[in-house]
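The values are calculated or read from the model by the stated rules, or taken from the named source; none is laboratory data. Given the structure is predicted, the values throughout are model-derived calculations rather than measurements. When we count neighbours, we look across all protein chains shown, and the Cβ atoms used for this are built from the backbone with ideal geometry, even at glycine. The accessibility values were calculated without ligands, DNA or RNA, using every heavy atom of the protein model including side chains. Shrake-Rupley method; radii C 1.70, N 1.55, O 1.52, S 1.80 Å.
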Amino acid sequence: MSVLSANSENSTDCIPVPSGAHTGDFASHAEPYRRELLAHCYRMTGSLHDAEDLVQETLLRAWKSYDGFEGKSSLRTWLHRIATNTCLSALEGRQRRPLPTGLGGPSSDPTAELVERTEVAWLQPLPNWTEDPADPSVIVGSRESVRLAFVAALQHLSPRQRAVLLLRDVLQWKAAEVADAVGTTTVAVNSLLQRARAQLEIARPNAEGPLPAPDSPEAQDLLTRYIAAFETYDIDRLVELFTAEAIWEMPPYVGWYQGARNIVTLIHQQCPAESPGDMRLIPLVANGQPAAAMYMRSGDVHVPFQLHVLDMVSGRVAHVVAFLDDTLFPKFGLPDSL
């Protein structure tokens with residue numbers, strides 16, 4: 001399993017922080033790392049809401065300890081160490097956050113009744129930020145390391161395995177650094193990493209190929225046609241856009257559906273839209289992937305309905321996760337109605 005390295009030798013990783021630095025300086029030194037800490041906490045938890053809270057907790061803990069920070073490691077490394085342990089504490093006793101495909105059941109009948117499970121803490125998508133090539137957090141938040149399928153696969157690992165794999169394979173820390181961070185031995189770290197990699201291969205037996213850049217002409221053209229099919233209520237046109245074995249899932253419903261024809265049947269059977277104009281979609285980026293926010297007509301306005309995150313392979317849509325969670329819309333900077 002290959003994960004793009006999020007390690008950076010950018011000069012901002014080595015911001016000089018004097019020994020015995022004062023807490024009054026903390027905000028200016030720590031702020032450049034907020035976004036990559038969010039990405040790290042998101043990978044650990046699979047939850048955007050939890051990740052935001054954990055970043056705040058991380059920065060609070062770091063601020064309280066900042067007077068004693070001696071600069072033996074970079075500030076970035078120190079903050080990630082605190083964030084990792086904050087996440088490990090928060091994950092104690094918690095269930096993993098799955099997608100419907102991760103529940104272990106077979107693909108569903110698109111004509112059957114939908115089964116909703118709101119009590120499950122489902123995996124959530126991650127908004128993209130404006131990319132700045134000079135910003136090291138762009139490297140840490142690289143598309144492959146926050147890819148939805150990768151984060152979903154991480155949920156099959158124990159929190160400790162997750163931490164070790166992310167610190168070694170994503171942040172590219174040395175085994176001794178990881179051992180020191182999580183309070184164990186180098187031998188234990190290597191054992192945890194080996195088991196984590198093996199488990200990840202089982203969770204992703206047919207790992208997808210490289211993601212096209214969401215702003216590439218190929219991705220933009222396909223996303224435009226995908227949006228047009230919904231907005232014009234030409235659902236049958238979607239058959240041409242999906243791969244033959246495409247997958248559709250939409251938490252909090254537990255079913256998942258495979259095959260272009262089954263997906264289109266599901267939409268015809270279950271979508272509340274009835275005519276062109278009932279659905280409006282805004283293109284966006286989530287988890288480094290092409291995505292779209294769907295609004296459904298309600299009287300004279302359109303209201304938040306679903307967030308679609310797309311995997312694209314060879315110019316076609318291979319996987320769609322349609323999140324039915326309107327609390328996510330503000331996180332993506334989206335309006336509350338159209």
Full-extension gain between T184 and Q269, please, as 0.36 nm times their residue separation minus the C-alpha to C-alpha distance.
25.3 nm
Around S298, which amide H atoms from residues at least 5 apart in sequence, or from another chain, sit under 5 Å from its own amide H, with H modelled in the peptide plane?
V303
Under a Cβ-only charge scheme (Lys and Arg +1, Asp and Glu -1), can you give me the dipole magnitude of the chain about the Cα centre, in debye to the nearest 20?
1080 debye
Quick one: pull the percent of accessible area on the chain belonging to carbon and sulfur, 1.4 Å probe, ligands and nucleic acids left out.
50 percent
Using a simple charge model, +1 on the beta-carbon of Lys and Arg, -1 on the beta-carbon of Asp and Glu, nothing else, what dipole does the stretch 217-332 show about its Cα centre, in debye to the nearest 20?
80 debye
Against the longest alpha carbon principal axis of the chain, how many degrees, from 0 to 90 and to the nearest 10, is the axis of helix 260-270 turned?
80 degrees
Label A198 and R237 with points 7 Å out from Cα along Cα→Cβ: what is the distance between them in nm?
5.0 nm
For V313, enumerate residues with amide H under 5 Å from its amide H, sequence gap 5+ or separate chain, H modeled in the peptide plane.
A318
Could you give the spread of the C-alpha atoms of the stretch 217-332 along their three principal axes, from largest to smallest, in whole angstroms?
38, 30, 29
Taking r as the C-beta separation of V120 and E31 and R0 as 25 Å, the FRET efficiency to the nearest 0.05 is 0.10
Tell me, what ³J(HN,Hα) does each residue in the stretch 294-299 have, in order and in whole Hz, if you take phi through Karplus 6.51 cos²θ - 1.76 cosθ + 1.60 with θ = phi - 60° and put x for Gly and Pro?
9, 10, 10, 4, 9, x
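Can you check what the net charge comes to around Y233, using other residues whose Cβ is under 9 Å from the Cβ of Y233 (Lys, Arg +1; Asp, Glu -1)?
-4
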Springs between alpha-carbon atoms under 10 Å, Gaussian network over the chain: tell me which of P272, P159, P252 tops the mean-square fluctuations.
P272
Residue by residue through the stretch 301-308, which ³J(HN,Hα) values in whole Hz follow from phi under the Karplus form 6.51 cos²θ - 1.76 cosθ + 1.60 (θ = phi - 60°), with glycine and proline marked x?
10, 10, 10, x, 10, 9, 10, 9
For the chain, what is the accessible area per residue in Å² when the probe is 1.4 Å?
45 Å²
